[in-house]
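What follows is a short report on a single structure.
Throughout, read-outs are computed from the coordinates displayed, never taken from laboratory work. All values reported here derive from a predicted model rather than from experimental measurement. Note that we place each Cβ from the backbone using ideal geometry, even for glycine, and neighbour counts take in every protein chain shown.
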Amino acid sequence: MDKLANYRRIIQTIIEQHAEHTPSHGQIETMPICDLANDQYILVDVGWDSTGRVHAVVFHLHLHDEKIWIEWDGSEEGITQELLEAGVPKEDIVLAFYRPERRAMTEFAVA
């Protein structure tokens, strides 16, 4: 299996696992969004709770230049650790939520 196909499989598996767990409060649906044509992968919570409307991105991943770009990570345990445990090497993970100059201070890919 080529690298990108493997990364797509890993990301979709992680999203599906997270989508099985909905928030315990309110009437909130967890929706996995997998745009295979553009390699964008988002998990979002949508609904209502006691404070009002809920529309929250849990995490957003993007495949670009054969790397997984973590655009946003609002998950409790951190999506980065799940990717590492699934076999994705650090040099193929970009912490895109950091400024480019700060990425060089991490153990992960700069771009």
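Tabulated data
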{"read-out": "Segment 3-63: relative contact order in percent, alpha carbon pairs under 8 Å with at least 6 residues between", "value": "27 percent"}
{"read-out": "In segment 1-92, the GluC sites (Glu not before Pro) that fall in loop regions by DSSP, at most 11 other Cβ within 10 Å", "value": "Glu20, Glu66, Glu76, Glu77"}
{"read-out": "For Cα extents along the principal axes in Å, calculated from these coordinates, the label among (1) 31, 27, 21; (2) 42, 33, 25; (3) 115, 36, 15", "value": "(2)"}
{"read-out": "Relative contact order of the chain, defined on C-alpha pairs under 8 angstrom at six or more residues apart (%)", "value": "17 percent"}
{"read-out": "Prolate/oblate/rounded call for segment 51-102, Cα gyration tensor, a/c under 1.5 rounded", "value": "prolate"}
{"read-out": "Residue-span extension gain [Arg99 to Glu29] - 0.36 nm each, minus C-alpha spacing", "value": "22.1 nm"}
{"read-out": "Cα lying deepest toward the dipole's positive end in segment 25-111, options Gln27, Val54, Ala86, charges on Cβ", "value": "Val54"}
